1. With a cut-off of 8 Å between alpha carbons and a minimum separation of six or more residues, what is the relative contact order of the chain in percent?
2. Quickly estimate the mean residue ellipticity at 222 nm for the chain, helices only: each DSSP H run with n ≥ 4 gives -39500 (n - 2.57), and the total goes over all residues, rounded to 500.
Amino acid sequence: MTFPAIIQTTQSPLAGLAALLISITISMMGAGLFPVACVSCITVFISEFLLGY
């Protein structure tokens with residue numbers, strides 16, 4: 001996803017921002033595209049669950 005879309009398409013912008021930051025961190029550690037995408041999706045799912053969306 002592109003930068004504005006990752007924040008705007010989630011129920012909460014905080015969930016999108018958390019996924020963005022974690023994705024950047026995981027990719028800087030050398031993870032490939034598929035693991036980064038999986039971690040991003042899981043991050044959004046857990047963040048929105050904890051935020052009550």
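Read the figures in this text as sums done on the coordinates, not as results from a lab. None of these values were measured; they are calculated from a predicted model.
1. Taking the mean separation of contacting Cα pairs over the length of the chain, I get 38 percent.
2. Dividing the helical sum by the residues of the chain leaves -25000 deg cm²/dmol.
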